[in-house]
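We did not get these values from a lab; they are worked out from the coordinates using the rules stated. Because the structure is predicted, anything quoted here is derived from the model rather than measured. A quick note on method: Cβ atoms are made from the backbone with ideal geometry, for glycine too, and the neighbour counts reach across all protein chains shown.
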Amino acid sequence: MSAENIDQLIEEAKAFTPSSKEDLEHYRLRFLGKKGVLTDLFAKMKEVAPEQRKAYGQQVNELKLAAEEKLALFREQFEQDGDEGRAQQDLSLPADPMATGTFHPLTLVRRQIIKIFGRIGFNVSEGPEIEDDWHNFSALNFPPEHPARDMQDTFFIDLHADPERYQGPLALRTHTSSIQVRVMENQAPPIRTICPGRVYRNEAISARAHCFFHQVEGFYIDEGVSFADLKQTLLYFAQEMFGAETKIRLRPSYFPFTEPSAEMDISCSICKGKGCNVCKYSGWVEILGCGMIDPSVLENCKIDADKYSGFAFGMGIERITMLKYAIKDLRIFSENDVRFLDQFKGLG
Ligand code: DAH
């Protein structure tokens, strides 16, 4: 390498001003790194003619000193620019933003449902995720041959449990209605409660179904509870959750544990009832099942069905969340993708 070339490098090294720590690191690697310019120049010392070697050595040393000096100077400066240095300089500067976590959208919606029902006097109850046949099926009037008990739908568990607490074969609960039974067995009316929880079904995973998901069950038992109470409660919920303009519609349906039973639709929260692919251009989307608790279910739980009546409803938290935030694929809830979760920053 010619003397002019080394002079040029010295000039470059001296003129350098980094704009960031990364910049400075590039500089260090270029000049002082193991594979940097100086290593190269020192290695080439052998090839220099003996009479020029001294001058060459001096030039290379000058380059080395210039690079080292620059590096030391800016290293110190960047360190001072850190929190401490900055605090000494200007206390009015805003602090670096802190990366915070987010609530999972299902948590946000679960908490919102709890809050909405809390305002009209519903408390929160919970129950076990591993359930017995009695609480998940029998007490709720599912006949022994009901398809919901089928191996296709239910994850049965091969385990012998405390016979005081569990009756019959064990399974992962397929719905939160099992909590209804547990609460009714342990409390006397009036009961007004909602029961959030995770449920499990032996289903193929797709955009619309998963082997685990979340539900909220709600029920109210007292003297003289009527279908009108149910309807008004659900209208209140729908409008609190999806906006005051939301309409509801009840369609007759069937569940073993309610009589009469209904499914409730809300006016599509995405297109406001105009018609879109979420509501399949009907303007309505189904959000829950409900009905008057069948008197035989009350009797199964030792509640006097001549004196008391009650309503119940159950909804999927994923479904409500998908409608609220226009989410198209259920699987995204359990993928832990921060690009998805970050979009809920600051909510809740
Ligand atoms: N347990 C039902 C299900 O998982 C949902 C349901 C329907 C719950 C009607 C209720 C009800 O309390 O009254 O599909």
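Helix 3-15 against the longest principal axis of the chain: what's the angle in degrees, Cα atoms only, rounded to the nearest 10? Tilt of helix 3-15: around 50 degrees. Only Cα sites of the range 115-259 enter the Debye sum here, all with the same form factor; the resulting log10 I(q)/I(0) across q = 0.16, 0.20 1/Å is -1.00, -1.37, listed in q order.
Taking 23 Å as the straight-line reach from the Cα of residue 14, the lysines in range (excluding those fewer than 8 positions away in the same chain) are 34, 35, 44, 54, 64, 70.
Would you mind calculating the gained length between residue 232 and residue 58 on full extension (0.36 nm times residue separation, minus the Cα-Cα distance), in nm to one decimal? Walk me through the numbers before you get to the answer.
Working: separation 174, 0.36 × 174 = 62.64 nm, distance 9.20 nm.
Difference between extended and current length: 53.4 nm.
The share of Cα pairs per 10 Å bin across the chain, counted from zero up to the longest distance, runs 5, 18, 21, 14, 7, 7, 9, 9, 6, 3, 1, 0 percent. Helix 105-118 and the longest principal axis of the Cα set of the chain meet at an angle near 40°.
Between the listed residues 340, 292, 248, the Cα displaced farthest toward the positive end of the dipole of the range 248-348, a dipole computed from Cβ unit charges relative to the Cα centre, is found at 340.
The chain: longest stretch without exposed chymotrypsin sites (Phe, Trp or Tyr not before Pro) (DSSP loop, at most 16 other Cβ within 10 Å), sites themselves excluded?
On the way: sites that count: 103, 155, 281.
The reported range is 156-280.
Both the radius of gyration and Dmax for the range 3-89 are 15.7, 55 Å, in that order, over alpha-carbon atoms. Fully extending the segment from residue 247 to residue 212, taken as 0.36 nm per residue of separation minus the present Cα-Cα distance, adds 9.6 nm.
I need to check one value: relative contact order of the chain, counting alpha carbon pairs closer than 8 Å and at least 6 residues apart, in percent. Don't skip to the end; give the middle numbers.
Details: 524 pairs, mean separation 54.5, N = 348.
The normalised contact order for the chain reaches 16 percent.
Cysteines in the chain that lack a partner Cβ within the 4.7 Å cut-off: 195, 211, 290, 301.
Partners of residue 328 within straight-line reach, counting lysines whose Cα lies under 18 Å from its Cα and excluding those fewer than 8 residues away in the same chain: 272, 280. Annotation: the antiparallel percentage among DSSP beta bridges lying fully within the chain is about 95. Shown here are the Rg and Dmax of the Cα trace of the range 179-249, at 15.6, 43 Å. Under a Gaussian network description of the chain, with springs only between Cα atoms under 10 Å, the residue in 102, 258, 17 that fluctuates furthest is 17. Scalar couplings 3J(HN,Hα) for the range 22-29, obtained by applying the Karplus form with A = 6.51, B = -1.76, C = 1.60 to θ = phi - 60°, are 5, 4, 5, 5, 4, 4, 4, 5 Hz; x denotes Gly and Pro. In loop segments of the range 244-348 as defined by DSSP, the GluC sites (Glu not before Pro) with at most 15 further C-beta atoms inside 10 Å of their C-beta are 245, 335.
Per-residue ellipticity at 222 nm, computed for the chain from helices alone with -39500 (n - 2.57) per DSSP H run of at least four residues, works out to -11000 deg cm²/dmol. First check a/c for the range 1-50, with a ≥ b ≥ c the square roots of the eigenvalues of its C-alpha gyration tensor; if it is under 1.5, answer rounded, and if not, answer prolate when a/b is larger than b/c or oblate otherwise. In terms of gyration-tensor shape, oblate. Within a straight-line Cα-Cα reach of under 17 Å, residue 21 can be paired with the following aspartates and glutamates, leaving aside sequence neighbours fewer than 8 residues apart in one chain: 68, 69, 76, 79, 81, 83, 84, 96.
Ratio of Rg to Rh for the range 1-146: 1.53 [Cα atoms; Kirkwood radius as inverse mean 1/r over pairs].
Run through the range 1-44 and list the trypsin sites (Lys or Arg not before Pro) located in a DSSP loop whose Cβ has at most 12 other Cβ atoms within 10 Å. Loop-located and lightly packed - 34, 35.
Based on Cβ point charges of +1 for Lys and Arg and -1 for Asp and Glu, what charge dipole magnitude is obtained for the range 3-89 about its Cα centre, in debye rounded to the nearest 20? Numbers along the way, then the final one.
On the way: 14 positive and 18 negative charges, 91 e Å.
About 440 debye.
Placing a label point 7 Å from the Cα of residue 187 along the Cα-to-Cβ direction, no residue of the range 223-248 has its backbone N under 11 Å from that point.
Determine which residues of the range 199-239 fall in the zone a paramagnetic label at residue 325 would reach in this model, i.e. backbone nitrogen under 15 Å from the point 7 Å along Cα→Cβ. Inside the label zone: 214. Amide H contacts of residue 276: 281, 282, 283, each under 5 Å away and 5 or more positions distant or on a separate chain (H built 1.01 Å from N in the peptide plane; Pro and chain starts excluded).
Using the Cα centre of the chain as the reference point, and only Cβ charges (+1 on K/R, -1 on D/E), how large is the resulting charge dipole? Debye, rounded to the nearest 20. Each step should come with its number before you reach the end.
Details: 41 positive and 52 negative charges, 179 e Å.
Around 860 debye, computed over the chain.
Decide, for the range 143-187, between rounded, prolate and oblate: order the square roots of the alpha carbon gyration tensor eigenvalues as a ≥ b ≥ c, take rounded if a/c falls under 1.5, and otherwise choose prolate if a/b is larger than b/c, else oblate.
Working: a/c = 2.08, a/b = 1.28, b/c = 1.63.
Oblate shape, in that a/c is at least 1.5 and b/c is the bigger or equal ratio.
Just need log10 I(q)/I(0) for the range 212-286 at q = 0.16, 0.23, 0.26 Å⁻¹, Debye formula, equal scatterers on the alpha-carbon atoms, no solvent, rounded to two decimals. Debye output, listed in q order: -0.69, -1.16, -1.27.
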